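The values are calculated or read from the model by the stated rules, or taken from the named source; none is laboratory data. Bear in mind that the values here come from a model prediction, so they are computed numbers and not experimental data. Glycine gets a Cβ as well: all are built from the backbone with ideal geometry, and neighbour counts include every protein chain shown. The accessibility values were calculated without ligands, DNA or RNA, using every heavy atom of the protein model including side chains. Shrake-Rupley method; radii C 1.70, N 1.55, O 1.52, S 1.80 Å.
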Amino acid sequence: MSGVRRRPNFSTVMLILGLVFLYLPMAVLVVYSFNSSRLVTVWAGFSTQWYGALFQDQQILSAVWTSLKIAFFAASMAVCLGTVAAFVMTRFGRFRGKTALSSMVTAPLVMPEVITGLSLLLLFVQMAQLTGWPADRGVGTIWIAHTTFCSAYVAIVVAARLRELDSSIEEAAMDLGSPPLKTFFFITLPIIAPALAAGWLLAFTLSLDDLVIASFVSGPGANTLPMVVFSSVRMGVSPKINALATLIILTVSLVTFLAWYLMRRSEAKRQIN
């Protein structure tokens with residue numbers, strides 16, 4: 001009986017099928033990024049020419065830089081605003097309008113992006129007519145829109161961490177003479193730092209990936225990477241897009257592996273100590 005091979009159970013089969021469904025298209029995309037043919041569905045031999053063509057395409061390179069810049073500043077501002085909103089939702093007592101405030105903070109989570117983008121576009125148009133700002137829609141308006149959109153996600157992540165935080169630690173620090181501001185920076189902030197980092201990474205990813213909202217609030221001089229890729233795909237998939245997607249997959253994989261390695265090292269040191 002020991003030589004009888006066990007059949008995989010249903011959960012294992014579904015897990016394998018799910019992983020294949022998720023990662024097989026990515027593997028095909030990576031393979032075809034090395035295709036020498038202009039036709040992305042016809043294999044004509046191994047070549048790296050499309051990577052060279054990608055780095056010579058100034059439109060894509062400019063869009064990558066614009067998207068990274070917007071995502072960095074939008075994520076940073078979203079962490080600041082989302083953290084403040086999380087403190088208001090979790091640490092402040094009951095006050096008039098708290099329920100309405102919490103609902104408005106979390107509304108972008110369930111609001112369709114088309115509605116969010118259209119409402120922000122109308123807001124910018126009305127502000128331009130009343131105050132003269134913004135004169136032109138571009139990087140600044142996309143940054144404001146992405147900050148507004150991403151702050152809700154950061155607020156939810158940080159609020160969940162604050163609800164788990166033992167407030168007696170902060171109270172003990174203040175009982176020992178620590179001012180509230182010093183208590184926040186030396187006690188609360190280090191404890192919620194993982195939630196802030198997770199919120200920042202989530203906001204950065206959402207901003208970098210956004211297409212719908214950016215399409216509404218951008219102007220002629222500001223094109224993000226998703227907008228350039230979408231407009232290129234509508235005219236036919238270029239092998240350069242496969243090369244770009246491969247580089248993005250490689251970058252994300254390296255960052256994920258590095259984060260896993262550092263977390264594993266930190267956990268090992270903590271267990272030793």
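Taking the charge dipole of the range 59-236 about its Cα centre, with +1 at Lys and Arg Cβ atoms and -1 at Asp and Glu Cβ atoms, the residue from Thr131, Ala155, Leu211 reaching farthest to the positive side is Thr131. Here each label is just a point 7 Å from Cα along the line to Cβ, and for Met235 and Met174 those points are 6.0 nm apart. Labels on offer are [x] 190; [y] 162; [z] 246, and the one holding volume of the Cα convex hull per residue in Å³ computed from this structure is [z]. For the chain, hydrophobic long helices are taken as DSSP H runs at least 27 Å long by C-alpha position along their axis with mean Kyte-Doolittle hydropathy of -1.0 or more; these are 10-32, 58-91, 139-164, 189-209, 239-272.
Taking Ala78, Ala86, Ala160 in turn, the Gaussian network model of the chain (Cα-Cα springs below 10 Å) assigns the largest fluctuation to Ala160. Surface composition of the range 59-236: carbon and sulfur atoms hold 69% of the protein heavy-atom accessible area at a 1.4 Å probe. Between Ser266 and Leu250, the distance separating the two model label sites (each 7 Å from Cα on the Cα→Cβ line) works out to 2.8 nm. If R0 is taken as 35 Å, the Cβ-Cβ distance between Ala198 and Ser103 corresponds to a FRET efficiency of 0.90. The aspartates and glutamates whose alpha-carbon is closer than 16 Å to the alpha-carbon of Lys69, local same-chain residues fewer than 8 away aside, are Asp209, Asp210. For Asn35, the residues 5 or more places off, or on other chains, whose built amide H falls under 5 Å of its own are Ser47. Rounded to the nearest 20, the size of the Cβ-charge dipole of the chain about its Cα centre is 640 debye, with Lys and Arg at +1 and Asp and Glu at -1. Here's the list of aspartates and glutamates a cross-link from Lys182 could span, going by alpha-carbon distance under 20 Å and ignoring same-chain residues fewer than 8 apart: Asp166, Glu170, Glu171.
When every Cα-Cα distance of the range 217-273 is counted in 5 angstrom steps from zero, the calculated P(r) takes the values 4, 15, 15, 13, 12, 10, 9, 7, 6, 5, 3, 1 percent. Protein heavy-atom accessible surface, 1.4 Å probe, per residue over the chain: 65 Å².
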